[in-house]
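Student: Would you mind keeping the following structure in view while I ask a few things?
The values are calculated or read from the model by the stated rules, or taken from the named source; none is laboratory data. All values derive from a computational prediction rather than experimental measurement. Every residue, glycine as well, gets a Cβ built from its backbone with ideal geometry; the counts of neighbours run over all protein chains shown.
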Amino acid sequence: MKVLKKEKFPQIWQAINQAYELYLPIEKDDRVNFAQWTEGETVNLEALKTEISPKDVIFPQSETYLKFESDGKKLQLESVESENREYVLFGVRSCDAVSFNLIDNVFLREPIDRLYEKRRNKGTIVSLACSEPEENCFCSSFQIKPEEASPGVDVAAWDLGDKILWKPVTEKGQVLTQKFAQLMEDASQQDQEELIKLQNAIKEKVKELPLASVDPKVIKGELKEIFESKVWDELSQSCLGCGACTYICPTCHCYDIQDFAGGNCGERFRCWDSCMFSEFTLMAHGNPRTTQKQRFRQRFMHKLVYYPNNHGSYACVGCGRCIEKCPVNMNIVKVIKRLGGEG
Amino acid sequence: MEKIANKVRETARLALANGEVNKILGWKKGDFWYDSYPAFITEEEGTASLIWDSFCVANLSKYLIEQLKEDIKVGVFLKGCDARAFNQLLKDNRVDRDKVVIYGLPCPGMIDPEKVKKAGLAKGLLDVQKSEDEVVFITKEGEQKFSAREFAYDKCLTCQYPNPVVYDELLAEEVERNNTTEYFYQDVEEIEKMSPDERFAYWVEQFSKCIRCNACRNVCPACSCEKCIFDNSKANVAGKAKVDSEEQFFHIVRAYHVAGRCVDCGECSRVCPVGIPLAKLNRKIIKDITEFYGEHNAGVNPSLDAPLETFKLEDIDPFETRAKGGK
Amino acid sequence: MQRIGVFVCWCGTNIAGTVDIDQVKQAAEKIPGVVNVQDYQYMCSEVGQNLIKNAIKEQKLDRVVIASCSPRMHEATFRKAAKSAGLNPYLVEIANIREQCSWVHKNKEEATEKAIALVRAAVAKATLNTELVPGEIGVEPRALEIGGGIAGIQTALDIAEAGYKVDIIEKTPSIGGKMAQIDKTFPTLDCSACILTPKMVDASTHPNINLYTYSEVEAVQGYVGNFEVTIRQKARSVNADKCTGCGICTDKCPSKKAESEFDEGLRKRGAIYIPFPQAVPNVPVIDREECLKFKTGKCGLCERVCPSGAIEFNQEDTLVTQKYGAIVVATGYDLINLDKFGEYPYTEHPDVITSLEFERLTSAAGPTAGKFLRPSNGNKPKKVVFVQCVGSRDKSSRGKTYCSKICCMYTAKHAMLIKEKYPEIEVYVFYIDVRTPGKNFDEFQRRAVEEYGVNYIKGMVGKVFPEGDKLQVHGVDALSSETLIIDADMVVLAAATKAKDDAQELGRKLSISTDANNFFTEAHPKLRPVETHSAGIYLAGACQGPKDIPETVAQSSAAAAKAIGLLNKGKLVNNPCVSQVDEQICSGCLACTKMCPYEAISSQVIEVKEQGKIVKKTVAHVNEALCQGCGGCTVTCRAGALDLKGFMNRQILAEVDAICL
Amino acid sequence: MSLENKQISSENTSNFKPLIVAFCCNWCSYAGADLAGTSRLNYPANVKIIKVPCSCRVNPNFVLRAFQRGADGVVIAGCHPGDCHYTSGNYYTRRRFTLMKNLLEYVGLEPERFKVDWISAGEGNKFAAVMNEALEQVHKLGPNRKLRDARWKR
């Protein structure tokens, strides 16, 4: 276990940036989001949640598959090799770190999504424990421990005031640590004690959170029964059908494939899509889900029923972003509660 | 506001009880102090959960498009901006006035939770109450009073129509808001003062934040098309790629499509999850329309022609470069 | 994939001199969808056309792009050729590489590059072209004549003679118009009434002509061949069927304060009146603003004296709707208001008159029974000054920039009429230029000078001062630079002509345009002088611009010929490039209906299936016969539910893309 | 994390060949362009015309699309107000693009890059003059990068 003094931050950002692409929560216009670090950016590790989840680092909103060029009537294809260097994603909260695993479940199982795999393998994830969980956090509802490193992260970190505690977890994490060890110190006994104190404090805070009692297990019954529940009619009424929730959500991972036709050349790319949109899964015959109720139901059935059936865990990490961002304050917590009979 | 809230509940209960309407659209309270959200009530007993507080910002009028597809009569609570939105929907032939009973709510201005959070007052906050020009934050530890203006949504600070412009029943006395128009175009003027390159840099930075979630469009009462051109892949006007030029295209066209139809509710800016100040585009167009064709407040009087659906022979002509001739 | 043929025309050296034809061909061959590329020296020649026809058949082409001169030149030619080869003519696109390329660019490399881009754009558009089939619409065999002056009468008679029904709408109580007010006509000096009144009678008695006098156009709907016009027949307060025209009522009417419109205010008329003795129809009308019965409720004398009980005080305006195949607009002109011409005290001094007032003063049927007397005192004038171009050729805001065209001639006529009757009266004419083109016109004017001794002074009148019972005319002789002061007894002003004040309003009802001076705009100033841009609506007479009688009559017969040609067709083929509604996408906001200049879009309620339920939905509906294909609605439609066939959104976007490569 | 490369390949300004897309109404301006041709009035070859029935057929989408695709300038030309073949189409054009032009300038486009003008069928001179002027101004400004799609290769 190492310790990294906060005063060393500028140095380490610079150092990491030389060897890797570095993604950090960066503050711009009062808003904090993950972005690639460049000299002079304001890094904000205090803000608990970035506005949008960091999933776009491992799964960019748009990604080109291949480019094509036509010389006269012959079409030449050129697959796009990711030119990205290895990258470090620093300051990921536990919930977001877990979301990566959930997306892995989809993309890294056969048939493996090569593009995703490649990008994912190039990343070293440094998590940062949540010292101050917020009122709309409910990660504990999904057994996520904000005080600990989530499975899958390469380095776990905790904020100890003027320094962070740095614990490599995986081999990749070790490599990263070794590369920049000269900027760190070994953690002292006192640091270890402080960590335990911090972790206990976080646990206490999490228990006190207003949404601590949210429990997706209240949703019981057969799939068909849940699917046909009257509750969907009621809940979906206020949904505007925008994709704000899906695009800020750390676990939503649906995408569309489109072509950009550029005359003599062009490219095929994938881009995020939202099940809330009317054109989602549009096929030649039309759309299987024609009403907002169906689309709304799809999103939550997927997160709370289908995905768990397929992968054994809920496709929600309780980050609370949708609670914050939904224009009409509809969110997964209201859905869980209502499906569990509350209401 | 609590007194009016009682009236809201009573009005809704009566309307359902005596069969005046089959459904009520109002607001309910959720888990948090700021969580006032749209409620759709068909049973008399359900009306007890209705509320009216400083967070009832969601505009209920656009829901009428879907709701009125059933053969029912709907009672709806509308604030000043919501009522303008309703009129715009009426003008666009999207709602049937005869199937709607409007309960007007003069609006004292809504409180922006973001501002509360930014001021560091959100922690442990249990309730927020507003009376006159004061806002009271209630926590376990006690109460704190502030000027309400400090926490009002930006859009409420320049609101010109706090009182509903259309209603069947007004549930409270009209409010007076001394919002001068002086600041109305302040944001627009600031941008106008920049050089073209500065303006472009400003907007590129704003637009590049866009995640294409369409919240701005979907919340907009002027964006009521059955199928938006941006949702129509056959229209071939925009892809979904996260590319600057497509974001610019989307936002410019969106602003143009609501030109002369925007009711200035500011919802686009409010709901944008990444904070793009979209209303500044709409305000620019409102400013230009006012300057060129005279004041037109969309949704205030739906019988007036929308500026882009009509013309005058003597309209200004910024284009004529040379006198006619040379035949 | 389409099978597109590209045909590049050399146009001799017109194109080939500046554009490298081979390069264009090579580039065209590479465009996806293009299967056949050929060039020829003159593609529009029979050989060239056969080249295209054969290629269509042999190569099974389903689209044709011709790179040649402007489509305005030969699009029709090539479409016809394609059609004869079995290809829908709307699958042909033209790349304009002559007028818009080879003729305006000198650099061969650049011109070739541009020609390639234009071909690419045409191919891109053609790829998305669809077969279009023009529809057929019937033609109502009846014409409407708006305006009952000489233009309207002539047109109506010509159309009626051809065997079609014609209705004349006249705003005033009688047909006849300005010509009826005129005393004599130039250059023959024959009596205006003598030649006009027989025509008026012909019109009123012709079995194919129906008069709506004292009537106005309320609304116009429909389109070429099928106009639906609502006519407002204003309440005459006299039952025309019962009235015998005996005139007792007009004699007995106690109110005699109104100024006679026909006599330009130089005579009074009763509240119930017949505008002039030869009026057609010879039925009086009650001026409700003057009538004591209407003003005070008392009187009703006319009702009591009428031997046939024709007076009907409670008559109301009636609206008649009638279908017409063609409309001729012949609403005529007016003289400008002289209020702003303070230098001539027209409004203050009774002896300063307009030329039209002069006509009444010299007319045998006029207020002075043809005796030329000063309106102020009834004495015979000794000196008369004519001032030309009062408001004509005047760039200031009070006047008109154009030449009123008729004034030089009628002033010469007026001068001669005075001299003919009263050789002792001195006559002066102030003029800027004397313009007398026209058969026997110049000879006519010269006679005024040479035979009658009219004093023509080149120059303008600065001011007219009333001085005792004289009018002191201060002018400048521009040729001698001398200042002239003439003690005149009368001053006659050749006031500029102007379009009718309500021309624009009528234009809007008819969807025809007016120019900066409110005269109706012809479809082409040279080649289509009597047509408007709205098919089936024609122009006759001074409503299109200042004209004298012979010109007016000639144009009227031309308009009649056009109208007859249309009515005679029986069926019309309409432009297939019209708007269409995608009912699935249409939200029914109907913004398009407000914008459409032809009222071609209406709303309709359709039933759609939504979630298994039948739901009623309002959508826009395009009347293809009305739509002229401007495409303005497509921009009003935010969702793109409206699109214009032949110029679809996708086609234009494809052109933009292709041009920007 | 956009698909775009950070920089649009920098074009050599000295060889800068501006592209101007001109939408011309069929009845006046397209005919005006033809007249410029029959009168052999020169204007640069970089002006490329798309024919539309009326200037009111021009959708703001088309203008934006042209800029996306690398146009350095866009011109809409229609009949003079009052002379519209369809009586009132260009009055709508005038309103629509008065607002649109201002909006485009508001988001940073240089005013010289987007023009609307009225050119009658008889104004071949004016057509050439308007195009020459547009080109000259755009040339001064250099290649347009605003609103442009980096994926599009001209």
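So that you can scan it fast, the table gives a plain yes or no per residue for (1) closer than 30 Å to residue B:242 by Cβ; (2) within 8 Å of chain B (Cβ to nearest Cβ); (3) surrounded by fewer than 21 Cβ atoms within 10 Å (Cβ to Cβ):
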residue: A:222; (1), (2), (3): no, no, yes
residue: A:225; (1), (2), (3): no, no, yes
residue: A:229; (1), (2), (3): no, no, yes
residue: A:234; (1), (2), (3): no, yes, yes
residue: A:238; (1), (2), (3): yes, yes, no
residue: A:241; (1), (2), (3): yes, yes, yes
residue: A:250; (1), (2), (3): yes, no, no
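Here's the yes/no breakdown for (1) in a helix (DSSP H, G or I); (2) modelled with pLDDT of 95 or more; (3) in contact with a Gly (Cβ under 9 Å, 6 or more places away or on another chain):
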site	(1), (2), (3)
C:456	no, yes, no
C:462	no, no, yes
C:479	no, no, yes
C:493	no, yes, yes
C:498	no, yes, yes
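Student: State which residue is farthest from residue B:226 (Cα to Cα) when the search covers only region B:59-74 and only residues that are in contact with a Ser or Thr (Cβ under 8 Å, 6 or more places away or on another chain) and either surrounded by 24 or more Cβ atoms within 10 Å (Cβ to Cβ) or within 14 Å of chain C (Cβ to nearest Cβ) (or both).
Tutor: B:62
Student: Could I ask something else about it? Please specify each residue of region C:54-88 satisfying the condition of being touching a residue at least 40 places away in the same chain (Cβ under 8 Å) and in a helix (DSSP H, G or I).
Tutor: C:55, C:56
Student: Return a yes/no flag: does region C:505-521 have any residue that is of a type in the set (Asp, Glu), within 18 Å of the chain's Cα centre (by Cα), loosely packed, with under 15 Cβ neighbours inside 10 Å and at pLDDT below 95.
Tutor: Looking for residues that are of a type in the set (Asp, Glu), within 18 Å of the chain's Cα centre (by Cα), loosely packed, with under 15 Cβ neighbours inside 10 Å and at pLDDT below 95, one finds at least one in region C:505-521, hence yes.
Student: Of the numbered conditions (1) touching a Pro at 6+ places or on another chain (Cβ under 9 Å); (2) within 14 Å of chain D (Cβ to nearest Cβ); (3) surrounded by fewer than 19 Cβ atoms within 10 Å (Cβ to Cβ), residue B:195 fails exactly one; give the number of that condition.
Tutor: That leaves (1) as the condition not met.
Student: Would you confirm whether any residue within region D:110-126 is out of contact with any strand residue (DSSP E or B) (no Cβ under 9 Å at 6 or more places or on another chain), more than 9 Å from chain B (Cβ to nearest Cβ) and more than 26 Å from residue C:531 (Cα to Cα)?
Tutor: Among the residues of region D:110-126, not one is out of contact with any strand residue (DSSP E or B) (no Cβ under 9 Å at 6 or more places or on another chain), more than 9 Å from chain B (Cβ to nearest Cβ) and more than 26 Å from residue C:531 (Cα to Cα), which makes the answer no.
Student: Do we find a residue being outside any loop (DSSP other than H, G, I, E, B), under 22 Å from residue C:191 (Cα atoms) and in contact (Cβ under 8 Å) with a residue 60 or more places away in the chain anywhere in region C:398-407?
Tutor: Yes, that holds for at least one residue.
Student: Assuming residue C:47 fulfils every condition listed in (1) β-branched (Val, Ile, Thr); (2) away from chain D (no Cβ under 14 Å); (3) touching a residue at least 12 places away in the same chain (Cβ under 8 Å) apart from one, which condition is it?
Tutor: Residue C:47 satisfies every listed condition except (3).
Student: If you scan region C:242-256, which residues turn out to be closer than 26 Å to residue C:147 by Cα, of a type outside the set (S, T, N, Q) and without any contact (Cβ under 8 Å) to a residue 60 or more places away in the chain?
Tutor: Correct list: C:245, C:247.
Student: Within region B:213-244, how many residues turn out to be more than 7 Å from every other protein chain (Cβ to nearest Cβ), in contact with a helix residue (DSSP H, G or I) (Cβ under 7 Å, 6 or more places away or on another chain) and over 19 Å from residue B:298 (Cβ atoms)?
Tutor: Summing the residues that are more than 7 Å from every other protein chain (Cβ to nearest Cβ), in contact with a helix residue (DSSP H, G or I) (Cβ under 7 Å, 6 or more places away or on another chain) and over 19 Å from residue B:298 (Cβ atoms) in region B:213-244 gives 2.
Student: Scanning for something at pLDDT 95 or above and at positive phi, does region C:177-186 turn up at least one residue?
Tutor: Yes; the residues of region C:177-186 include at least one that is at pLDDT 95 or above and at positive phi.
Student: Quick test of your reading of the structure: residue D:140 fulfils all but one of (1) touching an Asp or Glu at 6+ places or on another chain (Cβ under 9 Å); (2) assigned to a helix (DSSP H, G or I); (3) surrounded by 21 or more Cβ atoms within 10 Å (Cβ to Cβ). Name the failing condition by number.
Tutor: Against the list (1) touching an Asp or Glu at 6+ places or on another chain (Cβ under 9 Å); (2) assigned to a helix (DSSP H, G or I); (3) surrounded by 21 or more Cβ atoms within 10 Å (Cβ to Cβ), residue D:140 comes up short only on (3).
Student: Can you tell me which of B:205, B:114, B:150 is without any contact (Cβ under 8 Å) to a residue 40 or more places away in the chain, within 14 Å of chain D (Cβ to nearest Cβ) and part of a helix (DSSP H, G or I)?
Tutor: None of the other options fit; the residue is B:205.
Student: Considering only region B:23-42, state which residues are touching a helix residue (DSSP H, G or I) at 6+ places or on another chain (Cβ under 6 Å) and within 28 Å of residue B:140 (Cα to Cα).
Tutor: B:28, B:34
Student: Can you name every residue in region A:327-343 that is within 22 Å of the chain's Cα centre (by Cα) and within 11 Å of chain B (Cβ to nearest Cβ)?
Tutor: Start the filter on region A:327-343 by keeping residues that are within 22 Å of the chain's Cα centre (by Cα), which leaves A:327, A:329-336.
Within region A:327-343, A:327, A:329, A:330, A:331, A:333, A:334 qualify.
Student: Please give the strands (runs of 3 or more DSSP E) falling wholly within region A:70-150 in which 2 or more residues are within 14 Å of chain C (Cβ to nearest Cβ).
Tutor: In region A:70-150, the matching strands (runs of 3 or more DSSP E) lie at A:74-79.
Student: Pairs needed: first member in region A:226-240, not assigned by TED's automatic domain parsing to the domain that holds residue A:293 and part of a loop (DSSP other than H, G, I, E, B); second member anywhere, among the acidic types (Asp, Glu) and surrounded by fewer than 18 Cβ atoms within 10 Å (Cβ to Cβ); C-beta distance under 7 Å; at least 6 residues apart or different chains.
Tutor: Within 7 Å, no pair qualifies.
Student: Also: Can you say whether residue C:495 is out of contact with any Phe, Trp or Tyr (no Cβ under 8 Å at 6 or more places or on another chain), without any contact (Cβ under 8 Å) to a residue 60 or more places away in the chain and small (Gly, Ala, Ser), as far as the supplied structure shows?
Tutor: no
Student: In region D:31-45, which residues are basic (Lys, Arg) and more than 7 Å from chain C (Cβ to nearest Cβ)?
Tutor: None - no residue of region D:31-45 is basic (Lys, Arg) and more than 7 Å from chain C (Cβ to nearest Cβ), so the list stays empty.
Student: Specify which of the listed residues (B:45, B:20) is without any contact (Cβ under 8 Å) to a residue 12 or more places away in the chain and either outside any helix (DSSP H, G or I) or farther than 26 Å from residue B:139 by Cβ (or both).
Tutor: B:45
Student: Here are the criteria: (1) touching a Ser or Thr at 6+ places or on another chain (Cβ under 8 Å); (2) more than 10 Å from every other protein chain (Cβ to nearest Cβ); (3) under 28 Å from residue D:94 (Cβ atoms). Tell me which single one residue C:624 does not satisfy.
Tutor: (1)
Student: Separate question: Can residue B:277 be described as surrounded by fewer than 20 Cβ atoms within 10 Å (Cβ to Cβ), touching a helix residue (DSSP H, G or I) at 6+ places or on another chain (Cβ under 9 Å) and within 14 Å of chain A (Cβ to nearest Cβ)?
Tutor: When the stated conditions are applied, residue B:277 passes them.
Student: Further, regarding this structure: Name the single residue that is farthest from the other protein chains (Cβ to nearest Cβ) among those in region B:75-87 being touching a Ser or Thr at 6+ places or on another chain (Cβ under 8 Å) and assigned to a helix (DSSP H, G or I).
Tutor: Selected residue: B:83.
Student: Could you identify the single residue in C:125, C:108 that is surrounded by fewer than 24 Cβ atoms within 10 Å (Cβ to Cβ), in contact (Cβ under 8 Å) with a residue 12 or more places away in the chain and either of a type in the set (A, V, I, L, M, F, W, C) or under 30 Å from residue D:23 (Cα atoms) (or both)?
Tutor: Residue meeting the stated conditions: C:108.
Student: If a residue has to be at the interface with another protein chain (Cβ under 7 Å from one of its Cβ atoms) and not in a loop (DSSP other than H, G, I, E, B) to count, how many in region D:52-98 make the cut?
Tutor: Selection size over region D:52-98: 17.
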